[in-house]
Amino acid sequence: MAKLGLVRDIDLALHLPLRYEDETRIAAIAELRDGETAQVQGRVLEAKVEFRSRRQFVVRIADASDELVLRFLHFYPSHQKALAPGKLVRVRGELRGGFLGREMVHPAFKAVDADTPLPDRLTPVYPTSAQLPQAYLRKAVAAALARAPLAELLPAESVPAGLPALADALQLLHQPPASLTQAALEDRSHPAWQRLKYEELLAQQLAQAEAVRARALLRAPALPSAANGLHAGLLAALPFALTPAQRRVCAEIDADLARTQPMHRLLQGDVGAGKTVVAALAACRAIDAGWQCALMAPTEILAEQHFGKLVQWLAPLGVTVAWLTGSRKGKGRTKMLTQVASGEAALVVGTHAVIQHDVAFARLGLAVVDEQHRFGVAQRLALRAKLDDPDRPSPARGREGEGEGVTSTPQGEVRAQLEPHLLMMSATPIPRTLAMSYYADLDVSTIDALPPGRTPIVTKLFAESRRDEVVARIRDEVARGRQVYWVCPLVEASEALDLQNAVETHARLVQALPACTVGLIHGRLAGTEKAAAMAAFASGAMAVLVATTVIEVGVDIPNASLMVIEHAERFGLAQLHQLRGRVGRGPVASACVLLYATPLGETARARLKAMLETNDGFEIARRDLEIRGPGEFMGSRQSGAALLRFADLNEDGALLQRARSEAARLLERHPDIARAQIERWLGTRRDFMNA
């Protein structure tokens, strides 16, 4: 029960059924139709163990109308005792035709008497595990419902009209009367479900609003603009002008950095919208004010892309940029750590290695996290905890004896402990309902226009049987002086998945394109090998690059005009959109070819249809949320933590809007009620919901 999160009585009370079984009626055996799930009652005529293709227990029962065979492929002595000839049994299962006649395979059953009453309510079926039987869980939930503190917390005016009391809603959902249709219960449209959805959404909104209030009490360094500093120098040195959208978000970020409250902002923009230069300008603000900036990316390739751009832009202005990844060892890493700890490195770029415990910043004023959704919710929470960790070794953190909440700077002055500003970036735009719920504690800036000169990418679907046509298209592109990506889902062949893989595809393309230089890059290569392959492709020396999804984000080769994605049906929608965004980054016409294998499942068909119909990242994100749900969209499923259990962001937008406005009112007028609501619904999940 603890593994299922069922610790408190309220946890059990909120552990709602997956579905219901109707055990309130008994059907005549003769009336059953093939494929129908029903309950019958009859007397055992015969029970025996048979040896066919495998050992099985076969029971024949009869009521006044007909006979029925029960077949058990896995059985125990208790089965044989309960289903002995002459016993009266109540059986529930799915009817189907078998070689011995009509039968039920592995039905639920129990021995009864002639006067054993039928239940007057539907029987709940709960989410559980093999170690926790339904019968035990039903008793535990019923007992918890009687004990749990389910008194109304919310003032009457805070609850939407027409919804039942919380205790009544839970009682009905755990033990619904037979008169209720299962459809109304299972599609979650019943008012009892609406009450639970609203309560859950309200608790989430309260937790997010509380997090915003708590952060307002923290202090960060004010990073005011400098008239003729790095910021102005970088703007003057850039070979392009910022778009109006970039200037707008820069102004929003600058306003945050000038305040002493920690910035907590999400910068979102479609693939190629120009987020990196915005982050670079924010870093210049921090460096101008005498503070350091850290930029973290989820992969070494993306981090190295950022590092190359930032060195190109900032090194001529006299800024030392350090490079830290998990693969960097020995003297090179030691030198970088020294530069970071001394403050010589004003900007530190890398993977999660940037926040490892041995990395000590002299004065960390700004942290930038790119592709924040790739880290997962739990990892973002770990990042925040790492940045706020008072035990983290850093000259800018308090030293023993200086007093709680006090730190020393390299210049020796004593000041209150300051938190770094935090800027998160994402090329996966956040749909409106997610922005209102899971990201409600964030300020969001949106770059909603691409830089001029970008050409639209044409997307085409090709069945894998047309592979030769795709190879011919590659020859044409290379002949025009263009470059091509070919992305595969696997590195090496897998017995479990019959997919083309990067190693085999590389070998085939080398043979099919003898006049071209065909490279290979994947996650198992050493860092130096990956860097060499990317450098060759970036320089134009390599015409075709076969890769896995390590090139999904950040890779910027303006001359690449064709992206081929092998087994596109195996990729997620956001991933396909990111990969497509590796081309179309220059003035040349670009295309993305999605090679797919048949037959296509419903979800894969929906993803490919979306890719074919739109290049708009916001529309892609909306459809992705619709297809996958918020857990996978946000990278939270891999953490094992639940998000919303009851509400559906695609269907419950009106309830979310009401909860959002009510949360602000409750925190203002009834803070004790707000805290009790959060504790009731989130409990130990509270920190996760604030990630």
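I'd like the full set of residues that are of a type in the set (Val, Ile, Thr) and under 31 Å from the mean Cα position of the chain (by Cα), limited to the range 508-527.
Answer for the range 508-527, where residues must be of a type in the set (Val, Ile, Thr) and under 31 Å from the mean Cα position of the chain (by Cα): just 521.
Taking the criterion of being in a helix (DSSP H, G or I), closer than 21 Å to residue 451 by Cα and of a type in the set (D, E, K, R), would at least one residue in the range 273-287 satisfy it?
The answer is yes; a qualifying residue exists.
Quick one: residue 429 ticks every box in (1) of a type outside the set (Asp, Glu); (2) at pLDDT 90 or above; (3) in contact with a strand residue (DSSP E or B) (Cβ under 7 Å, 6 or more places away or on another chain); (4) within 26 Å of residue 585 (Cβ to Cβ) except a single one, so which number is it?
With respect to (1) of a type outside the set (Asp, Glu); (2) at pLDDT 90 or above; (3) in contact with a strand residue (DSSP E or B) (Cβ under 7 Å, 6 or more places away or on another chain); (4) within 26 Å of residue 585 (Cβ to Cβ), residue 429 is out only on (2).
Within the range 22-35, track down each residue that is exposed (fewer than 12 other Cβ atoms within 10 Å of the Cβ) and either under 21 Å from residue 178 (Cα atoms) or polar (S, T, N, Q) (or both).
Result: 25, 31.
For the range 243-272, which positions are farther than 20 Å from residue 441 by Cα, in a helix (DSSP H, G or I) and either open to solvent by less than 10 Å² (accessible area, probe 1.4 Å) or of a type in the set (Ser, Thr, Tyr) (or both)?
245, 246
Can you pull out every residue in the range 458-486 that is farther than 20 Å from residue 502 by Cβ, modelled with pLDDT under 95 and open to solvent by less than 30 Å² (accessible area, probe 1.4 Å)?
Hit for the range 458-486 is 463, nothing else.
Which of the following residues is open to solvent by less than 40 Å² (accessible area, probe 1.4 Å) and closer than 29 Å to residue 217 by Cβ: 297, 283?
None of the others qualify; the one that does is 283.
Kindly list, by first and then second residue, each pair from a residue in the range 288-317 that is touching a residue at least 40 places away in the same chain (Cβ under 8 Å) to a residue that is among the basic types (Lys, Arg) and assigned to a helix (DSSP H, G or I), limited to pairs with Cβ atoms under 6 Å and residues at least 6 apart or on different chains.
Note: pairs meeting the criteria are 298/374.
Please determine, by comparing only the residues of the range 656-670 that are in a helix (DSSP H, G or I) and open to solvent by 50 Å² or more (accessible area, probe 1.4 Å), which one is farthest from residue 432 (Cα to Cα).
Of everything passing the filter in the range 656-670, 669 is farthest from residue 432 (Cα to Cα).
Yes or no: residue 310 open to solvent by less than 10 Å² (accessible area, probe 1.4 Å) and outside any helix (DSSP H, G or I)?
When the stated conditions are applied, residue 310 does not pass them.
I'm told residue 151 meets every condition in (1) at pLDDT below 95; (2) outside any loop (DSSP other than H, G, I, E, B) except one. Can you identify the failing condition by its number?
(2) is the only condition that residue 151 fails.
Looking only at residues in the range 606-621 that are more than 21 Å from the chain's Cα centre (by Cα) and touching a residue at least 24 places away in the same chain (Cβ under 8 Å), which one is surrounded by the fewest Cβ atoms within 10 Å (Cβ to Cβ)?
612
Check 167, 226, 232, 211 and return the single one that is open to solvent by less than 70 Å² (accessible area, probe 1.4 Å), touching an Asp or Glu at 6+ places or on another chain (Cβ under 6 Å) and over 25 Å from residue 434 (Cα atoms).
Of the residues listed, the single one that is open to solvent by less than 70 Å² (accessible area, probe 1.4 Å), touching an Asp or Glu at 6+ places or on another chain (Cβ under 6 Å) and over 25 Å from residue 434 (Cα atoms) is 226.
Test residue 279 against the stated conditions and say whether it is of a type in the set (Gly, Ala, Ser) and out of contact with any strand residue (DSSP E or B) (no Cβ under 8 Å at 6 or more places or on another chain).
When the stated conditions are applied, residue 279 does not pass them.
Check off (1) under 30 Å from residue 194 (Cβ atoms); (2) polar (S, T, N, Q); (3) exposed (fewer than 15 other Cβ atoms within 10 Å of the Cβ) for residue 123 and give me the number that stays unchecked.
(3)
Just to confirm my filter: which strands (runs of 3 or more DSSP E) fall fully inside the range 509-595 and include at least 1 residues that are in contact (Cβ under 8 Å) with a residue 12 or more places away in the chain and open to solvent by 40 Å² or more (accessible area, probe 1.4 Å)?
518-521
Residue-by-condition table, conditions (1) modelled with pLDDT of 95 or more; (2) within 20 Å of residue 363 (Cα to Cα):
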position: 245; (1), (2): no, no
position: 252; (1), (2): yes, no
position: 262; (1), (2): no, yes
position: 268; (1), (2): no, no
position: 272; (1), (2): no, no
position: 304; (1), (2): no, no
position: 313; (1), (2): no, no
position: 316; (1), (2): no, no
position: 343; (1), (2): no, yes
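Does residue 206 qualify as being assigned to a loop (DSSP other than H, G, I, E, B), surrounded by 22 or more Cβ atoms within 10 Å (Cβ to Cβ) and touching a residue at least 60 places away in the same chain (Cβ under 8 Å)?
It is false that residue 206 is assigned to a loop (DSSP other than H, G, I, E, B), surrounded by 22 or more Cβ atoms within 10 Å (Cβ to Cβ) and touching a residue at least 60 places away in the same chain (Cβ under 8 Å).
Across the range 233-249, what is the number of residues that are free of Cβ contacts under 8 Å to residues at least 12 places away in the same chain and over 35 Å from the mean Cα position of the chain (by Cα)?
2
The values are calculated or read from the model by the stated rules, or taken from the named source; none is laboratory data. Note that the structure is a prediction, hence the values are computed from the model and not measured. Reconstructed Cβ throughout: ideal geometry from the backbone, glycine too, with neighbour counts over all protein chains shown. Just the protein is used for accessible areas: all its heavy atoms, side chains included, with ligands, DNA and RNA removed. Shrake-Rupley method; radii C 1.70, N 1.55, O 1.52, S 1.80 Å.
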